[in-house]
Amino acid sequence: MSKAKPIPAQDIKPAPRPAGLVLDAQLHLLDRQILDVDGVPVTTVDDVELSGPAPDEPIPEGAEAPHITGLLTGPVLGTRIFGGRPPSSRFIRIPWDMVAGVDTVVSLGVRANSLDASWVERWMRDQVIAKIPGGRHDPE
Amino acid sequence: MTRIGKFLAAILTALIFLGGMLSGCAQSPSTDALKGPAKEAASAVRTASLAVDLRLQERATAAAGTTTADDMLKGMQSATDELESFGAKTQEEQSLRDSMLACFSTISRSLIHARDALAAPTSTPDGGKNLAGSVQLPAVQGELRTATEQLDELMTKAGIQ
Amino acid sequence: MKRLLGVALGILTAIGGFVDIGDLVTNAVVGSRFGLSLAWVVVVGVVGICLFANMSGRVAAVSGRATFEVIRERMGPRAGLANLTASFLINLMTVTAEIGGIALALQLASGVSYMLWVPFALIAVWLVIWRVKFSIMENVTGLVGLSLVVFAVALFLLKPDWGSLASQALNPSIPSGEGSGVYWYYAIALFGAAMTPYEVFFFSSGAVEERWKVKDLVQSRVNVLLGFPLGGFLSLAIAACAAVVLLPAGISVTTLSQVALPVIQAGGQLALAVLILGVVAATFGAALETTLSSGYTLAQFFGWSWGKFRRPAEAARFHVAMIVVLLAGVAVLATGVDPILVTEYSVVFSAIALPLTYLPILIVANDPQYMGKHVNGRAVNIVALIYLVIILVASVAAIPLMIATGAGA
């Protein structure tokens, strides 16, 4: 077997990029608008839920890497400004498998009405807007 | 507070302090406190004169005229209130304030007459008939002019204009 | 031909929509006290609003995202909330002033006290927001608002001394009866009246409402670059009318009725009727725009569904927010506060809050992730930076001057 010749530098192609999208959670996910499958705004991304051990817990041997299990929305305005985090029970969860795409907005593959996250909108719609005549018609 | 927060708070305090100092400097002679209400009254009585003129020429509608008169009456009310709260320190200031208040009430009276005159019709479809408006308006105009002169004299005496 | 009509419509609505109660009152006050010596501020303000509106329209058309969404995403909740609070409060003040303006104009027409007109104005504004299509709303109020050109006509009919007007404008000097503090205070007020922040939120959200794409940018640029300066010219006509009739008569403007006097003198009852029509249309249009603006800013910041192109049932929180804003504005008017006073404060506070709204747009217009190849060019950025300095100076100087001059007394 002959000795392999060194490849000239200009012939070396760049390494193939790993499959998938590389995201910075704070830059590309946090505070982004979530749109449903029809493009209707649902809410904003207030937090991200990860699988795996909780912080400060020892990591068991052979545990898999944490991955995103859901997007969270909740009453975070005060805590984002002054610090801290509301308890997990105060967040509404959008499972990650509903996410269809991540761009300047996060697009879901389902309708807004089917999500818990849109409950305030549905409540306002049913209790307030529907009671005012003309609310269900297109503007003319 | 973060460093930026402290910095911004310091700037805001400095600005307010600066403003307070500037306004303090501007307030030296006490007749300056008379300036505001006097100027407001002068403007009001002149506006009413202009409105009456325009109504005499039948350029203004009754609605526009009465609205103007009402607005000027409100202005006179606030000028009078401001003047009444003026604390006169010397005998001279006291008499100045009192004569100005008397002048203001003359002006307000003539404004009320003006309002009534402006509201009255000045012509009918068959024309030529001497109606309430066309008689009252010139009289009110004279009243307003006298009040204006009175106020101007007072203002010159007080050194405001 | 249809293209040409569309372009003309855009320009005309921009002119008619430029003047609102803030411009009307501030220009008249300035004209009656300072003549045309503050005309240069109008020019500076018009150039600024052209720059500002162009950038925000471009951001919306290219990225498909409206202003506050971008502010939230790029600047985070802290800066975004500060911006939102300031803008929202000023919007609220402006809504109050505009509804007051509608009522005052109707009082001028009828003699019936403006307080009685306020509920009508409220219901009318709400009904249009509830049911009328965005483009119809814009076009009708803009075109009818063109009646304000009666100020320019009146100016000609008054046969002023053009030479003296021109020298007042081109050689600005502080008149003898006024101090320099008051002069600069009103310069800031006039600047804030021209560079209204709500205009920017409205413009960029409107771009998303009407689904602008990059190819619509040319049309929007024409609207802005032709329409706004002509609107600025109308503002100058308002100031000039006051300067020609009210300044020599020793009348300083504090009410809408005084603003009408020069027009009445020039053209009588017909001119008055046209004026009232124009004022009602302009303030009505501005009331719609500011109310929608408050809805847009809240909805875009919190991520709600928004837009007049959606039926109210599909943008429930958006519409509820606007109803609350309208009711709040009317509640303020019901306390009997003078709408003209509210107007005068709203323009100064607009100037104070301008940096908060301007800076994020400038940052985003330079961000390639949102703008792709449509980021600001070098020339635009240079002008934009100059304006940033002007805006910061005006904003910082406003409060001390307000305190020192007793809000321009």
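Readers should treat all values here as calculations from the given coordinates under stated rules, not as data from a laboratory. Since we're looking at a predicted model, the values are computed, not measured. Heads up, the Cβs are rebuilt from the backbone with ideal geometry, glycines too, and the neighbour counts pull from every protein chain shown.
Values as computed for the structure displayed
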item: Under-5 Å amide H pairs with residue A:49, H placed in peptide plane, nonlocal only; result: A:69, A:70, A:71, A:72
item: D_trans [Stokes-Einstein, Kirkwood Rh over alpha-carbon pairs] for chain C, 20 °C, 1.002 mPa s, µm² s⁻¹; result: 101
item: Whole-Hz ³J(HN,Hα) from phi, Karplus 6.51 cos²θ - 1.76 cosθ + 1.60, for the range C:135-150, glycine and proline x; result: 5, 5, 4, 4, 5, 5, 5, x, 5, 5, x, 4, 4, 4, 4, 4
item: For chain C: relative contact order, % (alpha-carbon pairs under 8 angstrom, 6 or more apart); result: 37
item: Within 10 Å of each Cβ in A:128-134, the average number of Cβ atoms from other chains; result: 5
item: Note, ³J(HN,Hα) from phi for the range C:363-380, Karplus 6.51, -1.76, 1.60, rounded to Hz, x at Gly and Pro; result: 5, 5, 5, 9, 8, x, 5, 8, 9, x, 8, 8, 5, 4, x, 4, 4, 4
item: The range A:74-122 versus the range C:10-53: alpha-carbon centroid distance in Å; result: 43
item: 10 Å binning of all Cα-Cα separations within the protein assembly as shown, expressed as whole percents from 0 upward; result: 3, 13, 22, 22, 17, 11, 6, 3, 1, 1, 0, 0, 0
item: Geometric extent, Cα atoms of the range C:357-400 - Rg, Dmax (angstrom); result: 12.5, 42
item: Candidate lysines for bridging to residue B:74, where Cα separation is under 27 Å - those fewer than 8 sequence places away on the same chain excluded; result: B:35, B:39, B:157
item: Share of Cα-Cα pairs in the range B:42-85 lying beyond 17 Å, as whole percent; result: 34
item: Cross-link partners of residue A:5 among lysines (Cα-Cα below 22 Å; sequence separation of 8 or more within a chain); result: A:13
item: Whole-Å distance, taken between Cα centres, linking the range C:140-200 and the range C:260-329; result: 23
item: Calculated from backbone phi, Karplus (6.51, -1.76, 1.60) coupling profile of the range B:33-45 in Hz, x at Gly/Pro; result: 5, 7, 4, x, x, 5, 5, 5, 5, 4, 4, 5, 5
item: Overall form of the range B:30-158 per C-alpha gyration tensor (a/c, 1.5; a/b vs b/c); result: prolate
item: Lysine pairs meeting the criterion (Cα under 27 Å, 8 or more apart or interchain), as found in the range C:21-404; result: 7
item: Placed amide H near residue A:43: partners under 5 Å, 5+ positions off or other chain; result: A:34
item: Per residue convex hull volume, Cα atoms of the range C:221-286, in Å³; result: 99
item: Tensor-based shape of the range C:246-355 (alpha-carbon gyration tensor, a/c under 1.5 rounded, otherwise prolate or oblate); result: prolate
item: Ellipticity estimate at 222 nm from DSSP helix runs (n ≥ 4, -39,500 (n - 2.57)) divided over the protein assembly as shown, nearest 500; result: -23000 deg cm²/dmol
item: 10 Å Cβ neighbours from other chains, averaged over peptide C:291-303; result: 2
item: Prolate/oblate/rounded label for the range C:302-346 (Cα gyration tensor, a/c 1.5); result: prolate
item: Difference of contour (0.36 nm per residue) and Cα-Cα distance, residue B:32 to residue B:112; result: 26.0 nm
item: Residues of the range C:8-42 with amide N under 13 Å of the 7 Å Cα→Cβ point at residue C:135; result: C:9-10
item: Segments C:351-357, C:210-216 sorted - mean Cβ within 10 Å per residue, highest first; result: C:351-357, C:210-216
